[in-house]
Amino acid sequence: MLTPSKNTTDDASLWKAFQQSDQQAFAKIFHLYYPDLYNYGTKFIANEELVKDNLQELFIEIWAKRNALGTVKNIKGYLVKSLRRRLLQNLQKIKKQHSLTMEAREEQVLFQLSSEELKIKDEQNEELTRKLRQAFDRLNDTQKEVVYLRFFNNLDYKEISEVMALQYQSVRNAMHTAIKAFRKALLLFVYALLSYSKTL
Amino acid sequence: MVGKCAGLSKNSFDFNRLMKNLLAYEVEDFLNHEGFRQWVLSDYTVNDANWQTWLKAHPEKAKTVEDAALLLNSIEFKTKLLPHNIVEAEWRKVHSTINQVPPEKALPYKNRFLSVFNRKIAAGITGLLLMGSLLFYFLYTQQFHTVSTHFGHKKEVRLPDGSVVVLNANSELKYVKNWKEAGDREVWLTGEAYFKVTPTPAIGRPKFTVHTEALNVEVLGTQFNVQSRTHKTRVVLTSGKIKIRFKDSNQIEVQEKQAPVRTRFQHTDTLVVLPGELIESSDRKDSYIKKATNPELYSSWQNDYLVFENTPLLELSTIINDTYGLHVSVAPEIAQRKLTGKVPSDNVKILLDAISVIFDLQVSVNRKTNTINISETKSSM
């Protein structure tokens, strides 16, 4: 499947309309990005209600401050970044409130992916998918988040570095480590290798 | 084809321009490269000739490209679908909230007033500069958001701290625009509202106060109903604990829960109310009644129905008047009749139909005077 290409001119004009109090543009932004933001948020904090509340506040706030906000060329990147900042603040609050309770710790397990979300393409072999997810689970939080933002949210490294407040090179390195881990898991996956060589 | 490539889509990349860069590419760079992704994911059709030529010229990159393609081809990253109704429900909440807040455009009047005001001060007596800025601060902090409802309409308001207020018809809620981290949470109410106060405010101190003409309700996180109409002030607590602070010292008639109902009087200006308790103004001046009740009776209006439990018909007429702005005249012989039951209140017509059916009363509407007459059903059999 082709990943939908980002169209920055569309984003810029949509954002401009939104800033000029066009509620339809605002509705479009909401509907376009809410599902991805929600999915990302619930991977960040395993508390759906908290994520919903934060998203509501985020959208209400950007509407209230629409005149004061600058130009945004990549709306999704901007929203993911704002949501992430809010969730981090919430996470710190939760940590303070019950520093050692179980619930708090459970909420802090970042980026758990199900076998629906991360699996071997066109492959019934459960063992391979399990190996792949194990490889993902062994990554550190930063590496997991980079993989998530790249492949699930289709943000590029530059956008990810802005969202996560990391150096471009750090994002690239995180991806490099993740790829090495994935490739190891995929060594068993001979079928793909063969089909690839045929096309060359 | 001559000319600029302005019309060229962003996706069809200029291969030659990228050739140099590609040589330094690692697997992760190829994965991040839109053109490469398109080529692989289109089953090697988009720009295939270019890629094949480049690969032949740079066999040393074959392994890297192979790895990147393997990853792209064999791993499926599938985002969970979010049910449409969740997105819609969340959108409705955001939509209703932003439409309660007065648009920024409504503000210039106030702002202009402030700036003119400040200019005058600056141009005028400089010695009073400090006083002027104090005044500015005062005016600034006293800017209120006002949310009001017409007859027959309700609104849900989300306050800056995360608390939710359901405002009943013909009511008004005011609160300061800029809530401060170190400030008390305060709102001013006329009419009726149900409060769901969050115990963990996003902003502001834990104390939350509802000001009404006759009394203040102080809470720390709880759910309760407040009615402050011209003829009646009433607070009903659903959960948590609240403290009432009367504007004047009042005589409180406390009706004990245990039967037989004993009554004792106390004179006070503050009163703690517990869940399931009701406090309301009595007919006598400066006098309130505190008694046990079923809180649902007083909060059901939020969910578009009204619950009655030995409610005098006269009180029903007051509710209709407060909520829909219609005058109700009740035939004297049935004014003291008590109603018990549950009626829908989506709109006034449904409510009146329900009253007539459930309580077996004759309800007629005089369109000219906007008056509703309630009388005994004439036996037709």
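Just so you know, all these numbers are worked out from the coordinates, no wet-lab data involved. Every value quoted in this text rests on a predicted model; they were computed, and no experiment measured them. When we count neighbours, we look across all protein chains shown, and the Cβ atoms used for this are built from the backbone with ideal geometry, even at glycine.
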Take peptide B:87-97, look around each residue's Cβ out to 10 angstrom, count Cβ atoms belonging to other protein chains, and average those counts. 5
Relative packing of B:146-159, A:72-85, which averages over residues the other C-beta atoms within 10 Å, highest first: A:72-85, B:146-159
Could I have the simple spin-label model distance between B:Ile203 and A:Ala68, label points 7 Å from Cα toward Cβ, reported in nm to one decimal? 0.9
Residues of the range B:275-305 with backbone N under 18 Å of the label point set 7 Å from the Cα of B:Leu314 along Cα→Cβ are B:280-289
Run the numbers on the range A:8-105 and let me know its relative contact order in percent, using alpha-carbon pairs under 8 Å that are six or more apart. 36
Distance in nm between pseudo-label sites at B:Asn347 and B:Gln362 (7 Å out along the Cβ direction from Cα): 2.6
How far apart, in nm, are the 7 Å Cα→Cβ label points at A:Ser21 and A:Ser170? 4.1
For A:Asn74, what residues show an amide H to amide H distance below 5 Å, using hydrogens built from the backbone and excluding near sequence neighbours? none
Stretch gain in nm, segment B:Thr53-B:Thr268, where the contour uses 0.36 nm per residue and the Cα spacing is subtracted: 68.2 nm
Cα-Cα pairs in the range A:8-105 separated by more than 18 Å, as a whole percent of all pairs, come to 48
Kindly write out, for the range A:167-182 in residue order, the coupling ³J(HN,Hα) from the Karplus curve 6.51 cos²θ - 1.76 cosθ + 1.60 (θ = phi - 60°), rounded to whole Hz, with x marking Gly and Pro. 5, 3, 5, 5, 5, 4, 5, 4, 5, 4, 5, 4, 5, 4, 5, 5
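Step through the table entries A:Lys184/B:Lys61; B:Lys80/B:Lys155; A:Lys65/A:Lys119; A:Lys93/B:Lys291; A:Lys16/A:Lys121; A:Lys131/B:Lys80, compare each Cα-Cα distance with 30 Å, and write down the pairs that go over it.
Flagged as over cut-off: B:Lys80/B:Lys155; A:Lys65/A:Lys119; A:Lys93/B:Lys291; A:Lys16/A:Lys121.
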Please list, ordered by chain and number, the residues whose modelled amide H lies under 5 Å from the amide H of B:Val328; skip anything fewer than 5 residues away on the same chain. B:Ile372
Footprinting proxy, B:Thr97, B:Thr53: sorted fewest to most Cβ within 10 Å, the residues are B:Thr53, B:Thr97
Cut-off under 5 Å, modelled amide H: who pairs with B:Ile242 long-range: B:Val273
